[in-house]
1. Of everything in region 115-144, what is in contact with a helix residue (DSSP H, G or I) (Cβ under 9 Å, 6 or more places away or on another chain) and outside any loop (DSSP other than H, G, I, E, B)? Give them in sequence order.
2. Somewhere in region 98-112, is a residue more than 17 Å from the chain's Cα centre (by Cα), in a helix (DSSP H, G or I) and surrounded by fewer than 17 Cβ atoms within 10 Å (Cβ to Cβ)?
3. Out of 19, 71, which single residue is in contact with a strand residue (DSSP E or B) (Cβ under 7 Å, 6 or more places away or on another chain) and surrounded by fewer than 16 Cβ atoms within 10 Å (Cβ to Cβ)?
4. Which of the numbered conditions does residue 60 fail, given that it passes all the others? Conditions: (1) under 30 Å from residue 6 (Cα atoms); (2) part of a helix (DSSP H, G or I); (3) touching a strand residue (DSSP E or B) at 6+ places or on another chain (Cβ under 7 Å).
5. Looking at 140, 156, 128, 148 in this structure, which one is surrounded by 15 or more Cβ atoms within 10 Å (Cβ to Cβ), farther than 22 Å from residue 72 by Cβ and touching a residue at least 40 places away in the same chain (Cβ under 8 Å)?
6. Scanning region 27-48 for residues that are loosely packed, with under 14 Cβ neighbours inside 10 Å and over 22 Å from the mean Cα position of the chain (by Cα), which turns out farthest from residue 151 (Cα to Cα)?
7. Which of (1) in the same structural domain as residue 160 (by TED's automatic domain parsing); (2) in contact (Cβ under 8 Å) with a residue 12 or more places away in the chain is the odd one out, the single condition residue 58 does not satisfy?
């Protein structure tokens, strides 16, 4: 690809990502610029490297098989000077616990979450949907057709991971320790 064509293609990718605002699937970008997905991905990764090397205020991030243009975290203080301070959602322990269950067990129903937590989760799930960290991911093929919940791209962005595969894994010995503690706690409550 000659230099002029490369610059035009990069400009087209920039325009697509800037205009769309949200993430755009690799296949859609490839179709728009008339290249295969491997070439398109390589071009975008080169652009990501350039933005990093040139110390620009924007960056392109990869989210699963999609890309999004956004402001670098280091530029946040300058944005605050221009706009009013954005309202920050606070994730309480209850919300974090519910979110972690959804992240690791997705797609999951409210009933499954309640079985794990041992308490109702309507409020927590509704708040997570409101914060766009969780979304409805269909319905379970069972009586009553309960709603299935899963995490969103906003969840990935908020926690700084590009895919669910990057979530930390709990080691088996820790799981056994948690299970043992829970069993002891349950036995103590039965003895009282």
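1. Once the filter is applied, which keeps residues that are in contact with a helix residue (DSSP H, G or I) (Cβ under 9 Å, 6 or more places away or on another chain) and outside any loop (DSSP other than H, G, I, E, B), region 115-144 yields 116, 117, 122, 123, 124, 125, 127, 128, 134, 135, 136.
2. To start, the set of residues in region 98-112 that are more than 17 Å from the chain's Cα centre (by Cα) comprises 109-112.
If we keep only those that are in a helix (DSSP H, G or I) too, we end up with 110-112.
Okay, now just the ones that are also surrounded by fewer than 17 Cβ atoms within 10 Å (Cβ to Cβ), so 111.
Yes, region 98-112 has at least one match.
3. Numbers: 19 fails: in contact with a strand residue (DSSP E or B) (Cβ under 7 Å, 6 or more places away or on another chain).
It is 71.
4. The number of the failed condition is (2).
5. Working: 140 fails: touching a residue at least 40 places away in the same chain (Cβ under 8 Å); 156 fails: farther than 22 Å from residue 72 by Cβ; 128 fails: touching a residue at least 40 places away in the same chain (Cβ under 8 Å).
Every option except 148 fails the conditions.
6. 34
7. Only one criterion is unmet by residue 58, namely (1).
The values are calculated or read from the model by the stated rules, or taken from the named source; none is laboratory data. Note that the structure is predicted; figures quoted are calculated from it, not measured. No Cβ is skipped: glycine too gets one built from the backbone with ideal geometry, and neighbour counts run over all protein chains shown.
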